[in-house]
Amino acid sequence: MAEFKIYDADQITINVCGIPVAAGFADGEFCRIEESDDKFTFYESTDGSVTRSKTLKRTATVTLTLAQTAEANDALSALHNLDLSQPNGAGIGAFICRDRGGRAIYQASKCCVIKPPDVSFDREAT
């Protein structure tokens, strides 16, 4: 008999600079992690020989999609505003996204909020 696997969105732990993002996720996709660069580049010489170079680039962009009413919005906005108003990276801290029910874990020793979300208002909360 095939193994039965379960995914549970409630088992996703997200923490941004010490701020737990534990509730208020938007319906549908609520966390996207995109690596900024390829980990290898290739150089092809005139004779067709190929050299592969490891880039050592480790940046990524994390997009969190939260409901307008999520408490984490206030904390993340305060963190971003503090970072803008203070010198020397007042808004830099660790990041972790972990699936407690699975195998996925993404972490960084340094992260920051690079911009606030786009804002729109509708008839209902979004």
Subset of the range 20-45 (residues that are more than 16 Å from the chain's Cα centre (by Cα) and open to solvent by 100 Å² or more (accessible area, probe 1.4 Å)) = ASP27, ASP38, PHE42, TYR43, GLU44
Selection from the range 46-66 of residues that are surrounded by fewer than 16 Cβ atoms within 10 Å (Cβ to Cβ), in contact (Cβ under 8 Å) with a residue 24 or more places away in the chain and either touching a strand residue (DSSP E or B) at 6+ places or on another chain (Cβ under 6 Å) or among the small types (Gly, Ala, Ser) (or both) = ALA60, THR61, THR63
Search result, residues across the range 44-67 that are assigned to a strand (DSSP E or B) and among the aliphatic types (A, V, I, L, M) = VAL50, ALA60, VAL62, LEU64, LEU66
inquiry  = Scan the range 84-91 and tell me whether some residue there is surrounded by 14 or more Cβ atoms within 10 Å (Cβ to Cβ), assigned to a loop (DSSP other than H, G, I, E, B) and free of Cβ contacts under 8 Å to residues at least 60 places away in the same chain.
reply    = yes
ask   = Any idea which of ALA125, ALA70 is under 17 Å from GLY18 (Cα atoms) and either modelled with pLDDT under 90 or surrounded by 13 or more Cβ atoms within 10 Å (Cβ to Cβ) (or both)?
value = ALA70
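The values are calculated or read from the model by the stated rules, or taken from the named source; none is laboratory data. Being a predicted model, the structure only gives us computed values, none of them experimental. Positions of Cβ are generated from backbone atoms using ideal geometry, with glycine treated the same way; all protein chains shown enter the neighbour counts. Quick note on the areas: whole protein, heavy atoms, side chains included, nothing else; ligands and nucleic acids left out. Shrake-Rupley method; radii C 1.70, N 1.55, O 1.52, S 1.80 Å.
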